[in-house]
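**Student:** If you scroll down you'll find the structure; I have some questions about it.
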Amino acid sequence: MIYELALVAKSNLGEEGIKALQTMVEEVAKSFDGEVLLSDDWGNKTFAQATSKGVKTGHYLYFIYTGNAEANVELNRKFKINEDILKTMIVKLSDVAADGEALVKKFKSPFSKNHNGSVLDDLDQDSDAEKDRKKFARRKNCWFTAKSIKADWKDPKTFNWLINEFGKISPARVSGVSRKHQRFAQAAIKRARNIGVVSHMRSTFSE
């Protein structure tokens, strides 16, 4: 199986500490017959919303790796006993290991330094994205289905328009999004909030 891991460490950890975390993930994946397919250092970011302990910044690391449930159990065990780690999130991307190359190739995020971008960059370059979405909403057609994409927690452009100024997620009857894609969007927004890249309002984190 293929997973993605978002890991947030203390912002003052330093280069050696960051390297140690990257090595830890690589070694755990390898010990359970897996491997890290992509390791991406997003650097220090200011959280969209401070943590319950008042922490406002963190150092983000992102991984795509192959592995199994046992590998995830071991990673979570190590995360819990490591005081340098503030947040973690593991999401399954695919059940098929052969999908790894394609997932790595298409990876984009506006938070990444080496893979900066959005899946909407090509789709929206010749049109007004906001007007386009409103058109679909009026017709009660699903914008996600028409564009052949789905909401992704690490790409706020794909879901920010569904969050109003009060931090509420627009219902499908208003946005015209299908039930399936409404579930995808809700999951993406919750994940983004949990990892600190989106607050309970509409803003996202910054450098």
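Values quoted throughout were computed directly from the atomic coordinates according to the rules given, and no laboratory measurement underlies them. What you are looking at is a predicted structure, and each value in this text was computed from that prediction instead of being measured. All Cβ positions, glycine included, derive from the backbone under ideal geometry; neighbour counts span all protein chains shown.
**Student:** Report, in listed order, any pair from 53/190; 80/108; 19/180; 92/168; 78/168; 10/134 with a Cα-Cα distance greater than 30 Å. Mind dumping the intermediate values first?
**Tutor:** Values: 53/190 20 Å; 80/108 28 Å; 19/180 39 Å; 92/168 26 Å; 78/168 35 Å; 10/134 40 Å.
Violating the 30 Å limit, Cα to Cα: 19/180; 78/168; 10/134.
**Student:** State, to one decimal in nm, how far the label point of residue 74 lies from the label point of residue 94, with both points 7 Å from Cα in the Cβ direction.
**Tutor:** 2.3
**Student:** Based only on other Cβ atoms within 10 Å, what is the fewest-to-most ordering of 30, 92, 154? Please list the in-between numbers first.
**Tutor:** On the way: 30 14, 92 11, 154 24.
Ranked by crowding around the Cβ, least crowded first: 92, 30, 154.
**Student:** While we're on this one: Over all alpha-carbon pairs of the chain, lay out the pair-distance distribution in 5 Å bins, whole %, shortest bin first.
**Tutor:** So the P(r) values, bin by bin, are 1, 7, 15, 18, 19, 16, 12, 7, 4, 1, 0.
**Student:** Residues with amide H under 5 Å of residue 111's amide H, sequence separation 5 or more or different chain, H placed in the peptide plane at 1.01 Å from N; which?
**Tutor:** Those qualifying (amide H under 5 Å, at least 5 residues apart or on another chain) are 117.
**Student:** Under the rule of at least 5 residues apart or a separate chain, name every residue whose amide H is placed under 5 Å from the amide H of residue 94.
**Tutor:** Under 5 Å from the amide H of residue 94 lie the amide H atoms of 2, each far enough along the sequence or on another chain.
**Student:** Okay, moving on. Based solely on its DSSP helices, what 222 nm [θ] is calculated for the chain when runs of n ≥ 4 H residues each add -39,500 (n - 2.57) and the sum is averaged over all residues, nearest 500 deg cm²/dmol? Could you put the intermediate results ahead of the total?
**Tutor:** Details: 8 runs with 78 residues, N = 207.
That calculation yields -11000 deg cm²/dmol at 222 nm.
**Student:** Of 196, 58, 117, which has the largest mean-square fluctuation in a 10 Å C-alpha GNM of the chain?
**Tutor:** Between 196, 58, 117, it is 117 that shows the largest mean-square fluctuation.
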